[in-house]
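The values are calculated or read from the model by the stated rules, or taken from the named source; none is laboratory data. As the structure is a computational prediction, the values presented were derived from the model and not from experiment. Glycine gets a Cβ as well: all are built from the backbone with ideal geometry, and neighbour counts include every protein chain shown. Side chains included, ligands, DNA and RNA excluded: accessible areas come from the protein's heavy atoms. Shrake-Rupley method; radii C 1.70, N 1.55, O 1.52, S 1.80 Å.
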Amino acid sequence: MIKIKNLTKIFTLGDNKLIALNNLSFLVSSGQFLAITGISGSGKSTLLYQLSLLDRPNQGTISIDNINTSKLTSGERISYRLKNLGYIFQDYAILPTLTAKENIMLPLLMQGVKENIAQEKAKEALLKVDLQDRLDHLPSQLSGGQQQRVSIARAIVHNPKILFADEPTANLDTESSETILKIFLNLHKQGQTIIMATHELDYAKLAERNIELRDGLIISDTFK
(Lines give C-alpha, C1' and ligand atoms only; values in the text may rest on other atoms or scores of the structure.)
Protein backbone atom coordinates (compact mmCIF):
# COMPACT_ATOMS: atom_id res chain seq x y z
CA MET A 1 0.00 0.00 0.00
CA ILE A 2 2.82 2.42 0.86
CA LYS A 3 6.14 2.65 -0.97
CA ILE A 4 8.83 4.83 0.58
CA LYS A 5 11.94 5.52 -1.50
CA ASN A 6 15.05 7.52 -0.49
CA LEU A 7 13.08 9.52 2.10
CA THR A 8 15.12 12.33 3.66
CA LYS A 9 14.03 15.07 6.06
CA ILE A 10 16.41 17.82 7.14
CA PHE A 11 15.67 20.51 9.72
CA THR A 12 17.65 23.76 9.64
CA LEU A 13 18.47 25.23 13.05
CA GLY A 14 20.31 28.50 12.51
CA ASP A 15 23.55 27.56 10.78
CA ASN A 16 23.15 23.90 11.68
CA LYS A 17 21.36 21.17 9.78
CA LEU A 18 19.80 18.17 11.47
CA ILE A 19 19.20 15.09 9.35
CA ALA A 20 16.07 13.69 10.99
CA LEU A 21 15.51 10.97 8.35
CA ASN A 22 18.39 9.72 6.27
CA ASN A 23 17.56 8.15 2.88
CA LEU A 24 14.95 5.62 4.07
CA SER A 25 13.36 3.06 1.72
CA PHE A 26 10.79 0.38 2.63
CA LEU A 27 7.31 -0.93 1.85
CA VAL A 28 4.17 -1.24 3.99
CA SER A 29 1.61 -3.83 2.94
CA SER A 30 -2.14 -3.33 3.07
CA GLY A 31 -3.61 -4.52 6.39
CA GLN A 32 -0.25 -4.42 8.19
CA PHE A 33 0.14 -3.28 11.81
CA LEU A 34 3.51 -1.52 11.90
CA ALA A 35 5.15 -0.09 15.01
CA ILE A 36 7.88 2.53 14.64
CA THR A 37 10.17 2.62 17.67
CA GLY A 38 13.33 4.33 18.85
CA ILE A 39 14.62 6.58 21.59
CA SER A 40 13.60 10.24 21.78
CA GLY A 41 15.07 12.09 18.81
CA SER A 42 15.49 8.97 16.69
CA GLY A 43 13.08 10.26 14.02
CA LYS A 44 9.98 8.14 14.65
CA SER A 45 7.46 11.00 14.94
CA THR A 46 9.12 12.77 12.00
CA LEU A 47 8.72 9.61 9.92
CA LEU A 48 5.08 9.27 10.92
CA TYR A 49 4.42 12.88 9.89
CA GLN A 50 5.98 12.27 6.48
CA LEU A 51 4.03 9.05 5.87
CA SER A 52 0.76 10.65 6.96
CA LEU A 53 1.30 13.64 4.64
CA LEU A 54 1.30 16.14 7.50
CA ASP A 55 4.75 17.32 6.40
CA ARG A 56 6.83 17.21 3.23
CA PRO A 57 10.26 15.55 2.96
CA ASN A 58 13.30 17.31 1.51
CA GLN A 59 14.00 14.38 -0.77
CA GLY A 60 12.49 11.07 -1.77
CA THR A 61 8.98 9.88 -2.53
CA ILE A 62 6.01 8.45 -0.66
CA SER A 63 3.52 6.57 -2.83
CA ILE A 64 0.17 5.42 -1.46
CA ASP A 65 -1.87 3.09 -3.67
CA ASN A 66 0.44 3.99 -6.57
CA ILE A 67 -0.17 7.72 -6.09
CA ASN A 68 3.07 9.69 -5.84
CA THR A 69 2.06 12.09 -3.07
CA SER A 70 4.98 14.44 -3.77
CA LYS A 71 3.20 15.47 -6.96
CA LEU A 72 0.00 16.47 -5.15
CA THR A 73 -0.71 20.17 -4.60
CA SER A 74 -1.33 21.40 -1.05
CA GLY A 75 -5.08 21.35 -1.70
CA GLU A 76 -4.93 17.84 -3.12
CA ARG A 77 -2.93 16.64 -0.11
CA ILE A 78 -5.54 18.06 2.29
CA SER A 79 -8.35 16.40 0.34
CA TYR A 80 -6.50 13.08 0.21
CA ARG A 81 -5.80 13.14 3.97
CA LEU A 82 -9.41 13.94 4.79
CA LYS A 83 -10.82 11.13 2.66
CA ASN A 84 -8.23 8.39 3.07
CA LEU A 85 -6.22 8.78 6.28
CA GLY A 86 -7.03 8.69 9.99
CA TYR A 87 -5.00 10.33 12.78
CA ILE A 88 -4.60 9.71 16.51
CA PHE A 89 -2.31 11.94 18.59
CA GLN A 90 -1.01 11.64 22.14
CA ASP A 91 -2.85 14.81 23.23
CA TYR A 92 -6.19 13.54 21.80
CA ALA A 93 -6.74 16.74 19.72
CA ILE A 94 -10.50 16.78 20.24
CA LEU A 95 -12.47 20.03 20.56
CA PRO A 96 -13.46 20.81 24.17
CA THR A 97 -16.74 22.55 23.30
CA LEU A 98 -18.12 19.64 21.27
CA THR A 99 -19.59 16.38 22.55
CA ALA A 100 -18.00 13.04 21.75
CA LYS A 101 -20.50 12.47 18.95
CA GLU A 102 -20.01 15.97 17.51
CA ASN A 103 -16.21 15.58 17.52
CA ILE A 104 -16.52 12.34 15.58
CA MET A 105 -18.99 13.82 13.09
CA LEU A 106 -16.60 16.65 12.12
CA PRO A 107 -14.49 14.90 9.45
CA LEU A 108 -17.64 13.54 7.82
CA LEU A 109 -19.34 16.93 7.74
CA MET A 110 -16.15 18.40 6.24
CA GLN A 111 -16.49 15.87 3.42
CA GLY A 112 -20.06 16.94 2.77
CA VAL A 113 -21.79 13.97 4.40
CA LYS A 114 -25.37 14.77 5.46
CA GLU A 115 -25.80 15.43 9.18
CA ASN A 116 -28.20 12.54 9.85
CA ILE A 117 -25.84 10.08 8.16
CA ALA A 118 -22.85 11.54 10.01
CA GLN A 119 -24.68 11.06 13.32
CA GLU A 120 -25.34 7.39 12.61
CA LYS A 121 -21.75 6.76 11.54
CA ALA A 122 -20.50 8.54 14.68
CA LYS A 123 -22.64 6.26 16.84
CA GLU A 124 -21.28 3.20 15.03
CA ALA A 125 -17.70 4.40 15.57
CA LEU A 126 -18.32 4.97 19.29
CA LEU A 127 -19.70 1.44 19.55
CA LYS A 128 -16.44 0.09 18.10
CA VAL A 129 -14.49 1.72 20.95
CA ASP A 130 -17.10 0.79 23.59
CA LEU A 131 -18.18 4.38 24.31
CA GLN A 132 -21.74 4.23 23.03
CA ASP A 133 -22.99 5.47 26.42
CA ARG A 134 -20.84 8.63 26.27
CA LEU A 135 -21.91 10.11 22.94
CA ASP A 136 -23.35 13.32 24.46
CA HIS A 137 -20.52 13.87 26.94
CA LEU A 138 -18.07 16.76 26.62
CA PRO A 139 -14.33 15.98 26.78
CA SER A 140 -14.21 17.52 30.29
CA GLN A 141 -16.63 14.79 31.39
CA LEU A 142 -14.41 12.01 30.07
CA SER A 143 -11.23 10.42 31.41
CA GLY A 144 -8.01 10.60 29.43
CA GLY A 145 -8.49 7.07 28.16
CA GLN A 146 -12.05 7.82 27.11
CA GLN A 147 -10.95 10.97 25.30
CA GLN A 148 -8.37 8.93 23.39
CA ARG A 149 -11.09 6.44 22.44
CA VAL A 150 -13.14 9.35 21.08
CA SER A 151 -10.05 10.32 19.07
CA ILE A 152 -9.84 6.77 17.68
CA ALA A 153 -13.55 6.76 16.81
CA ARG A 154 -13.10 10.07 14.96
CA ALA A 155 -10.09 8.64 13.09
CA ILE A 156 -11.94 5.51 11.90
CA VAL A 157 -15.42 6.95 11.28
CA HIS A 158 -14.75 7.34 7.52
CA ASN A 159 -13.07 3.91 7.14
CA PRO A 160 -9.58 5.26 6.35
CA LYS A 161 -7.12 3.31 4.23
CA ILE A 162 -4.41 3.94 6.82
CA LEU A 163 -4.66 4.74 10.54
CA PHE A 164 -1.72 6.71 11.98
CA ALA A 165 -1.09 6.88 15.73
CA ASP A 166 1.64 9.07 17.25
CA GLU A 167 2.45 7.91 20.82
CA PRO A 168 -1.25 7.14 21.46
CA THR A 169 -0.64 5.85 25.01
CA ALA A 170 1.91 8.44 26.16
CA ASN A 171 -0.48 10.29 28.50
CA LEU A 172 -2.43 7.27 29.74
CA ASP A 173 -2.20 4.87 32.67
CA THR A 174 -1.50 1.19 32.10
CA GLU A 175 -5.14 0.07 32.10
CA SER A 176 -6.21 2.75 29.63
CA SER A 177 -3.17 2.05 27.44
CA GLU A 178 -4.01 -1.64 27.26
CA THR A 179 -7.59 -0.79 26.30
CA ILE A 180 -6.30 1.38 23.44
CA LEU A 181 -4.00 -1.40 22.19
CA LYS A 182 -6.85 -3.93 22.31
CA ILE A 183 -8.88 -1.61 20.08
CA PHE A 184 -5.95 -1.38 17.64
CA LEU A 185 -5.61 -5.16 17.57
CA ASN A 186 -9.33 -5.59 16.90
CA LEU A 187 -9.15 -3.05 14.07
CA HIS A 188 -6.11 -4.84 12.68
CA LYS A 189 -7.97 -8.17 12.70
CA GLN A 190 -10.68 -6.47 10.63
CA GLY A 191 -8.05 -5.54 8.00
CA GLN A 192 -7.18 -1.99 9.08
CA THR A 193 -3.68 -0.81 8.11
CA ILE A 194 -2.11 0.80 11.21
CA ILE A 195 1.18 2.66 11.61
CA MET A 196 2.00 3.56 15.21
CA ALA A 197 4.98 5.46 16.60
CA THR A 198 5.68 4.48 20.21
CA HIS A 199 8.47 4.39 22.77
CA GLU A 200 6.67 1.58 24.67
CA LEU A 201 8.45 -1.59 23.55
CA ASP A 202 5.88 -3.89 25.18
CA TYR A 203 3.15 -2.30 23.09
CA ALA A 204 5.28 -2.32 19.95
CA LYS A 205 5.63 -6.11 20.33
CA LEU A 206 1.88 -6.44 19.79
CA ALA A 207 2.30 -5.19 16.23
CA GLU A 208 3.18 -7.67 13.47
CA ARG A 209 6.15 -5.58 12.33
CA ASN A 210 8.58 -3.28 14.11
CA ILE A 211 10.87 -0.73 12.46
CA GLU A 212 13.43 0.69 14.89
CA LEU A 213 15.10 4.00 14.14
CA ARG A 214 18.31 5.54 15.42
CA ASP A 215 19.62 8.91 14.27
CA GLY A 216 17.21 8.88 11.32
CA LEU A 217 18.30 5.46 10.09
CA ILE A 218 16.53 2.11 10.18
CA ILE A 219 18.63 -0.17 12.43
CA SER A 220 16.19 -3.08 12.44
CA ASP A 221 13.05 -4.16 10.58
CA THR A 222 11.50 -7.27 12.13
CA PHE A 223 8.34 -9.28 11.56
CA LYS A 224 6.55 -11.65 13.92
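Structure notes:
- Residue that is surrounded by the fewest Cβ atoms within 10 Å (Cβ to Cβ), among those in segment 198-222 that are among the hydroxyl-bearing types (S, T, Y) and within 19 Å of the chain's Cα centre (by Cα): Y203
- Test for P57: is it surrounded by 19 or more Cβ atoms within 10 Å (Cβ to Cβ), out of contact with any Pro (no Cβ under 6 Å at 6 or more places or on another chain) and within 25 Å of S177 (Cβ to Cβ): no
- Per-region count, segment 1-27, residues in contact with a helix residue (DSSP H, G or I) (Cβ under 8 Å, 6 or more places away or on another chain) and either without any contact (Cβ under 8 Å) to a residue 12 or more places away in the chain or open to solvent by less than 10 Å² (accessible area, probe 1.4 Å) (or both): 5
- Of the numbered criteria (1) assigned to a loop (DSSP other than H, G, I, E, B); (2) within 17 Å of S70 (Cβ to Cβ), the one L21 fails is (1).
- Residues of segment 171-193 that turn out to be touching a helix residue (DSSP H, G or I) at 6+ places or on another chain (Cβ under 9 Å) and within 17 Å of V150 (Cα to Cα), as a count: 14
- Within segment 84-136, being part of a loop (DSSP other than H, G, I, E, B), crowded, with 21+ Cβ neighbours inside 10 Å and without any contact (Cβ under 8 Å) to a residue 40 or more places away in the chain holds for one residue alone: L131.
- Scanning segment 161-208 for residues that are farther than 25 Å from K123 by Cα, part of a loop (DSSP other than H, G, I, E, B) and of a type in the set (D, E, K, R) turns up E167, D173, E200, K205, E208.
- The set of residues in segment 60-83 being polar (S, T, N, Q) and either touching a strand residue (DSSP E or B) at 6+ places or on another chain (Cβ under 7 Å) or part of a strand (DSSP E or B) (or both) consists of T61, S63, N68, T69, S70.
- Residue in segment 61-76 that is at negative phi, in contact with a Phe, Trp or Tyr (Cβ under 7 Å, 6 or more places away or on another chain) and hydrophobic (A, V, I, L, M, F, W, C) present: yes
- Of all residues in segment 161-192, those satisfying the criterion of being closer than 22 Å to R81 by Cβ and open to solvent by 10 Å² or more (accessible area, probe 1.4 Å) are K161, D166, E167, I183, L187, H188, Q190, G191, Q192.
- Evaluation of G31 against (1) at pLDDT 95 or above; (2) in a loop (DSSP other than H, G, I, E, B); (3) more than 30 Å from E120 (Cα to Cα) (one fails), failing number: (3)
- The residues in segment 137-160 that are open to solvent by 70 Å² or more (accessible area, probe 1.4 Å) and not in a loop (DSSP other than H, G, I, E, B) can be counted, and the count is 2.
- Selection within segment 34-44 - part of a strand (DSSP E or B) and either of a type in the set (S, T, N, Q) or without any contact (Cβ under 8 Å) to a residue 40 or more places away in the chain (or both): T37
- Residue, surrounded by the most Cβ atoms within 10 Å (Cβ to Cβ), within segment 28-54, restricted to residues that are under 18 Å from the mean Cα position of the chain (by Cα) and of a type in the set (V, I, T): I36
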